[in-house]
1. Looking at region 1-16, I want the residues that are closer than 14 Å to Ala29 by Cβ and have a partner that is assigned to a loop (DSSP other than H, G, I, E, B) with Cβ atoms under 6 Å, at least 6 apart or on another chain. Which pairs are those?
2. Given the criterion surrounded by 12 or more Cβ atoms within 10 Å (Cβ to Cβ), closer than 21 Å to Pro181 by Cβ and either touching a Lys or Arg at 6+ places or on another chain (Cβ under 9 Å) or not hydrophobic (A, V, I, L, M, F, W, C) (or both), identify the matching residue among Arg146, Arg120, Arg111, Arg153.
3. Go through region 92-111 and count every residue that is touching a helix residue (DSSP H, G or I) at 6+ places or on another chain (Cβ under 6 Å) and at pLDDT below 85.
4. Show me the helices (runs of 4 or more DSSP H) entirely contained within region 1-91 in which 3 or more residues are at pLDDT below 85.
5. Name the pairs: first residue in region 154-168 and within 13 Å of Thr109 (Cβ to Cβ), second residue of a type in the set (A, V, I, L, M), Cβ to Cβ under 8 Å, at least 6 apart or on different chains?
6. Can you spot a residue in region 132-151 that is touching a strand residue (DSSP E or B) at 6+ places or on another chain (Cβ under 8 Å) and outside any loop (DSSP other than H, G, I, E, B)?
7. In this structure, is Ser125 loosely packed, with under 11 Cβ neighbours inside 10 Å and under 26 Å from Arg38 (Cβ atoms)?
8. Going by the structure shown, is Lys147 touching a residue at least 12 places away in the same chain (Cβ under 8 Å) and of a type in the set (D, E, K, R)?
Amino acid sequence: MPLVKSKSKEAFSKNIAAEIKAGKPPRQAAAIAYSVKRSVEEKKAGGKVGLWDNIHAKQERIKNGSGERMRKPGSKGAPTAADFKASASKMAKGGDPRLSVSRGEKLSTERGAGLTAKGREKFNSATGSHLKAPAPHPKTKADEGRKKSFCARMSGMPGPAKDEKGRPTRKAASLKRWNCPGW
């Protein structure tokens, strides 16, 4: 059963019940319900709403029997080719921001690879992420989990540990910087 996309208390309760019924633990069900509620609040506040969000929302309403119809291309109020082109260019620009060692946004391989505070700030503001500084010597349980997760993901990445000249790659340097076992 699809989750109710609303920030009301009733929708929140229904979403938790639906997730528990689907076999999720109560805490995970609550986290999912909070996530749905947060995404609705973001959209209402004007965040992350674009052409494709509107199209998908309308398709969903039509599927649920709203009686609306999609406008024909070229009709009044329908998105134009220019709208789609602008949306596509925003998506292309909305990819990962360009980060540079020379601008001080990421570290060189010799210094351990990875992003600097300036680079993390730029990436977070461009993508809405919440990147944090590396935790090579974790002090909290959360940081221990981040380190373990990073080491597992990065160790499994394809690619060599050394380049053709025998220097460590960015992958190897970042694993060493995070103090991952075996690096």
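1. From region 1-16, the pairs are Ala11/Val4; Lys14/Val4; Asn15/Leu3; Asn15/Val4.
2. None of the others qualify; the one that does is Arg146.
3. Within region 92-111, residues that are touching a helix residue (DSSP H, G or I) at 6+ places or on another chain (Cβ under 6 Å) and at pLDDT below 85 number 1.
4. 26-44, 51-63
5. Within 8 Å, the pairs are Ala161/Ala172; Lys162/Ala172; Pro168/Ala161.
6. no
7. Details: loosely packed, with under 11 Cβ neighbours inside 10 Å: yes; under 26 Å from Arg38 (Cβ atoms): yes.
Judged against the criteria, Ser125 is a match.
8. yes
The values are calculated or read from the model by the stated rules, or taken from the named source; none is laboratory data. Quantities reported herein were computed from a predicted structural model and do not represent experimental measurements. Backbone-built Cβ (ideal geometry, glycine too); neighbour counts: all protein chains shown.
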